[in-house]
Every structure is written in C-alpha cells, then in structure tokens.
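Notes for the one structure printed next.
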Amino acid sequence: MLEELEVRNLGPIRSAVLMPGKGMTAITGETGAGKSMLLSAIRLISGATANVGRVAAGAGSAWTQGIFDVDENGKAAGLAQDAGVLDADGKGTDPDPDEIGRRELFLSRTVPASGRSRAVLCGHSVPRNVLGNVAAELVTIHGQADQLRLASPARQREFLDMAADDKAERESYRAAWEKFQAVDERLRNLTNQEASARQRADYLRESIEQINKVDPKPGEDEELKEKRSRVENAAEIAQGVNSALSALDASSVDSDSDALGASDAITHAIQALRTIHVGGSFVGVADRLESLNADLSDIIFSLSNEMDADEDAEGLDAINSRIHELDELTRRWGPTLEDVIDWRDKAAFEVEDLDASPEKVEELKTQRRQAFDDALKAAEVLSRKRTFAATVLADTVSKELSALAMAGAGLEIRVVRRKSGPKGKPSAQNSEKQQASATWPLDINGIDDIEFLFTPFPGSPQLPMGKSASGGELSRLMLALELSVAEKRTSGSSDMTFIFDEVDAGVGGKAAVELGKRLAKLSQTSQVIVVTHLAQVASWADTQFVVSKGNSNGAGSKAPIETTVNEVTGDARIHEIARMLSGSESATSLSHAKELLASSKL
C-alpha cells in the first residue's frame, strides 16, 4: 500500500505530503484546486511520460516520491530485486519496516524544466519502464485520463482467471502445452532436416566405401615409407653391411677367407686371459670380453640377415601406389591412419541413426498426437471453469452497476472457443505438409478468446471495454469489477492501491451513498484512494485530505497562487463535508454533515 506521497514543484503544488490511510482515503477540494496534480504525481512514479510543462513556474525541476509498504516476497519486491536494487534476501539499504515479512519500496521521479526525467527505485537510477513495471504491481488508476486497465484481451483473461480461481487448471494445462510444443518442435526440426540428412547419409556411405576399399591398417603408411627408403637405397645398404661384416667376421661374408675378424680376435683374447692362473682381475676382464663377444655375435647375426633380405626393386611402384592411396585417406579424414579408421567407425554409427530418421519421424508424430490430445483435454477443463466463472462474474458486476446508479447497464463476458479447422488437430489423416504448416487452436493460455462487452445504458450496443463509456461510467464499471473479485484478489492481504477518479460523475443522492459504501467495502481488502466532489462518497473514507489553493503570503499579496494539501479530522472534517454538501458551513449543513459522517459506517 501507499504509505506516503511527497510532491515538490509540480504545477501549483510547491510542497505537499500525502499520507493515506490503510483503508479508504478521500481527496476533496474545490474544482481547479489542483487535485489532478496529485494524480499526475502518482502517474509519474508509475512510469508515465513526463510533461515539462507541469514543472512549477520558476523551479528547476519537479520531484515526486511514493513510499510503498509491500510483501517482502511479493511480485513488486521481486521485480525490484531483479532490477538489482534489493539484495537477494529482500533487504536493501532502506530502513527495515517494523512488520515481519514486509519492506518499503521508494519510487521517485525527477522532471527537469528542460532535459530528460530521471526514475529512481530505492535510491538507484533505473529505466522508466522498470519503475513502471514495479508500480503496475502496486497502483491501479481508474480514470478518464488513463488507459483502461482491462481494455486488452490479455488483461481481461487474467482478470477472469483470478475470478475463476483456476490456478491449478492453468498450471496443468501449461505443463501439457509445453510438452506438446517440445515434441512439435522436435518433429519440425527433424522434418526440416530430412533432405540434408539424406545428403549427409549419402556422403558418409560413399566415404566409408572408399576407406574400406583401401582397407588401411594402423601405422601401415609409416612401414611402407620405411620399406620404400630401403629399396631406394639398397646398394648403399648392402655395401655398408658387407664392409661391417668383413670387419667383424670375415667368414660370414667369405667362407674361404683366412682373415681374422673382430669376433675371432676377442675369442683369442679370452683364451689368453684364461691361461693366466695368477690371482688378479684377469678373470673379470675375460668375463667382460665374453659378454661383449655375445653381443657382437648378435650384431653379426642381425647384419647377416640384412644381407639375406631381398629388397625387390621391381616392387617399388606398388609400394608408391599404396602410399599414395593411404595419403589420400589421411588428407581427407586424417591426419593419421588411426584418425581415418576412427572416423570411419563413427560414420558407420551416424549412418545408422540417419537411416533410422523415417522411423523417428513416425515415432514423433505419434508422440505429438498424444501430446496434443492431452493438452486439448486440459484446455477443455480450463475452458469450462472460465465459462462458469464468466457467467457468475458478469451477473455480479451487472447487479453492482445497478446499485451504482447505472440501472440497465450490464457486462457480458464471452469465452469463445477457437475453431481448429481442417489443419487444427494433428492426426494420421493429415499429410506431412499439412502438419508442418498447421495452426493449432491452442496457445500458451488455452483454447479460449476472452472478451468483455459493456452496455453502459439501456439500448446501447455492446461494445468492447474502453470504447463504450464515459470516464465516470468506466470508473464505476471498474469499481464493480474490483468489488466482485475483492476476496479472491487479496486472499487476506494485498499490496494493491486502487485510485478512482471521476467515479462519482453523474451520480447523486442515494446512488452516491451506495457508491461510497462500495468503495469502503473494497477498502476492507485493498487500499482505496478516491478523488471526489460528493460528500456522500467522502463521508465513507477513513482518511480525508483537502486540496486548496491560495496566496502563500496572505490576502493582497502578489505572490503566485499555490496549492496546499492538508488532512482534515474532527471539526475540520465536518466543516469540509458541510461545504461539499451545500457550499456553505451553516448550522443546517454542519448538522447534516455530522449525521452523514455518523451514518457512513459499514
């Protein structure tokens, strides 16, 4: 609720502080006194477009601030937290409210005489739309200068849902709708990808066939390149090996050779050392030479095998051809043969998945039909509850309008079910092309189109709300609507402040008393602020403020006329009610005022 509204240099108001009560607050005063400036101030902190012409003459800027007491876990506090002006625990830098679970939000707006306005939320500059979004959860203004809150179909649906108390049905439908959307999206994506999937599968199959035709083995290319190098350098290899063997063991090269090789020389050295029978290190040296000779024998054997290897120079072309085939594979799917083989194995699995896509499409079509049927059933349950609530709400509002001096006025709430048409429902009979372009009768809000039609007087045609009534009639219609859902809106508590302007236009006598009574009734569950010219309405208020204008320096002064805002209580309030009744403060009007105040109790 609005705890305090402070205004500086806005129009004729130089400085004013309004502290409305928890229940109903009436703002009264002579015509032209400046009551509209208070509404302008509230609109400014609600994100309305700033008008520099409203800045008081001679002032550099106008400033207004509203302090709201809100539920710490409510939507308004959540929006403030999302905007980064509150901590995650709901505590900001502002003073903590006394009540547990409550906190204060400060919404302010500065409008310079020239330049851009500045929006501030809890001491932090924010975009104007952020201020407006927070204020939308706190203040609802019903007046001719404001767009009707329920003029849009979306707002009308939200209002009807609140009256229907259908949260469980909406949540059930929303879950079914989201499941249907998810399956439908998967099917559309898969259908759109079928052509590219076929191309991909063809490419993969051709690639796998090419790789399998070559049939590479891991490391085969490196082995072939080494073999090619040996063939190309066979003569050089043979000459080097032959020379080495001749030096190490001449008999392995030429059996008729008497030349002493390295192995023979080491054998003689070992034998010579073994003949020494004197103690010392000779035995150890002989053992080491035997070990060396064993290694030398292995080397000679390996080199002899190299001499025996048949390096076929005529097979060089075949080796080069094979290496070329393997290089082509690594160039396209490498860089190594291991990468090529790994790519082929993965491609085989991908081909299987792509080849299975027609079956997947059919599976998803079946899932979509089932998901649509489930969503449709949930939508029908929600629609039935809305339809019943629409009848009850329309009847209740129409009765309230009659009591508000609008006999013959009425509200009709239409819950129109969308028609699906030939493409509306997925089925086995729909072609693939039809289902891909289908427009479902469902959307995220269900299967219904909601329309509020208002008849302001007998004989008037039914017209959409916002286009069929004067400002006063619209205000009374909104009052009737708010009264009809007051208990369901609040559930015991509410942060919403309702402001009614011109709600008393064209009303008088008993109807005015009924109007005030109903505003007081609404104030039992929500804060209500009403700008009124009628004493019969103001008398029902818990708090009353009088807006008056005068010369700040007294009579005869040439100083500018200024508007003041003062709360009236006790005798002062009786005098104001008397003025509103007869324009004077005679004994009769004062007596009538006392009687009216005494009788204006719920």
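The values are calculated or read from the model by the stated rules, or taken from the named source; none is laboratory data. Keep in mind it's a predicted model, so treat the numbers as computed, not measured. With ideal geometry, Cβ positions are generated from the backbone for all residues, glycine too; neighbour counts draw on all protein chains shown.
Selection within the stretch 12-55: residues that are of a type in the set (Ser, Thr, Tyr), in contact (Cβ under 8 Å) with a residue 12 or more places away in the chain and not in a helix (DSSP H, G or I). The member of this set that is farthest from VAL565 (Cα to Cα) is SER46. Regarding the stretch 497-516, can at least one residue be identified that is in contact (Cβ under 8 Å) with a residue 24 or more places away in the chain and in contact with a Pro (Cβ under 9 Å, 6 or more places away or on another chain)? Within the stretch 497-516, one or more residues are in contact (Cβ under 8 Å) with a residue 24 or more places away in the chain and in contact with a Pro (Cβ under 9 Å, 6 or more places away or on another chain). Between GLN210, GLN193, the distinction of being surrounded by 11 or more Cβ atoms within 10 Å (Cβ to Cβ) and at pLDDT 90 or above belongs to GLN210 only. Considering only residues in the stretch 294-347 that are of a type in the set (Val, Ile, Thr) and touching an Asp or Glu at 6+ places or on another chain (Cβ under 8 Å), the one that is modelled with the lowest pLDDT turns out to be ILE300. Quick check: is even one residue across the stretch 520-535 within 15 Å of HIS592 (Cβ to Cβ), buried (at least 21 other Cβ atoms within 10 Å of the Cβ) and in contact (Cβ under 8 Å) with a residue 60 or more places away in the chain? Yes, because at least one residue in the stretch 520-535 is within 15 Å of HIS592 (Cβ to Cβ), buried (at least 21 other Cβ atoms within 10 Å of the Cβ) and in contact (Cβ under 8 Å) with a residue 60 or more places away in the chain. Here GLY550 clears all of (1) at pLDDT 90 or above; (2) surrounded by fewer than 16 Cβ atoms within 10 Å (Cβ to Cβ); (3) closer than 17 Å to LYS35 by Cβ except the condition numbered (1). Determine whether the stretch 65-72 contains at least one residue that is in a loop (DSSP other than H, G, I, E, B) and within 30 Å of HIS575 (Cα to Cα). Taking every residue of the stretch 65-72 in turn, none turns out to be in a loop (DSSP other than H, G, I, E, B) and within 30 Å of HIS575 (Cα to Cα). One residue stands out in the stretch 364-414 among those that are among the polar types (S, T, N, Q) and modelled with pLDDT of 90 or more: the one that is surrounded by the most Cβ atoms within 10 Å (Cβ to Cβ), namely SER383.
Do we find that ALA62 is outside any loop (DSSP other than H, G, I, E, B), over 20 Å from ILE529 (Cβ atoms) and either polar (S, T, N, Q) or under 38 Å from the mean Cα position of the chain (by Cα) (or both) in this structure?
On the way: outside any loop (DSSP other than H, G, I, E, B): yes; over 20 Å from ILE529 (Cβ atoms): yes; either polar (S, T, N, Q) or under 38 Å from the mean Cα position of the chain (by Cα) (or both): yes.
So ALA62 fits the description; yes.
Can you work out which of the residues in the stretch 333-342 that are of a type outside the set (Val, Ile, Thr) and touching a residue at least 60 places away in the same chain (Cβ under 8 Å) is surrounded by the most Cβ atoms within 10 Å (Cβ to Cβ)? Only one residue fits best here, namely LEU337. Once the stretch 568-602 is narrowed to residues that are part of a helix (DSSP H, G or I) and among the basic types (Lys, Arg), the residue that is farthest from VAL17 (Cα to Cα) is LYS594.
Just one of (1) part of a helix (DSSP H, G or I); (2) over 26 Å from ALA151 (Cα atoms) fails for LYS385. It is (2).
The set of residues from the stretch 43-64 being closer than 12 Å to LEU107 by Cα and touching a helix residue (DSSP H, G or I) at 6+ places or on another chain (Cβ under 7 Å) comprises ILE45, SER46, GLY47, THR64. Looking at this structure, is THR532 assigned by TED's automatic domain parsing to the domain that holds LEU10 and at pLDDT below 90? In short, no.
What do you reckon, is LYS179 modelled with pLDDT of 90 or more and either closer than 30 Å to GLU3 by Cβ or over 36 Å from the mean Cα position of the chain (by Cα) (or both)?
Values: modelled with pLDDT of 90 or more: yes; either closer than 30 Å to GLU3 by Cβ or over 36 Å from the mean Cα position of the chain (by Cα) (or both): no.
No; evaluated as a whole, the condition is false for this residue.
Could we say that SER172 is free of Cβ contacts under 8 Å to residues at least 40 places away in the same chain and either among the charged types (D, E, K, R) or surrounded by fewer than 20 Cβ atoms within 10 Å (Cβ to Cβ) (or both) here? Can you show your working first?
Numbers: free of Cβ contacts under 8 Å to residues at least 40 places away in the same chain: no; either among the charged types (D, E, K, R) or surrounded by fewer than 20 Cβ atoms within 10 Å (Cβ to Cβ) (or both): yes.
Taking the combined requirement at face value, the residue does not satisfy it.
Selection of first residues in the stretch 106-125 that are more than 18 Å from PHE68 (Cβ to Cβ) and in contact (Cβ under 8 Å) with a residue 60 or more places away in the chain and of second residues that are small (Gly, Ala, Ser) and outside any loop (DSSP other than H, G, I, E, B), restricted to Cβ pairs under 7 Å at least 6 apart or on distinct chains, gives the following pairs, ordered by first then second residue: VAL111/SER61; VAL111/ALA62; PRO112/SER61; ALA113/SER61. For the stretch 344-357, the candidate set comprises residues that are assigned to a helix (DSSP H, G or I) and without any contact (Cβ under 8 Å) to a residue 60 or more places away in the chain; within that set, the residue that is nearest to GLU209 (Cα to Cα) is ASP345.
Would you mind listing the helices (runs of 4 or more DSSP H) fully within the stretch 461-525 where at least 1 residues are at pLDDT 80 or above and not polar (S, T, N, Q)? If you could, list the steps in order and put the result at the bottom.
Details: elements: 471-484, 486-490, 509-522.
Passing ranges, in order: 471-484, 509-522.
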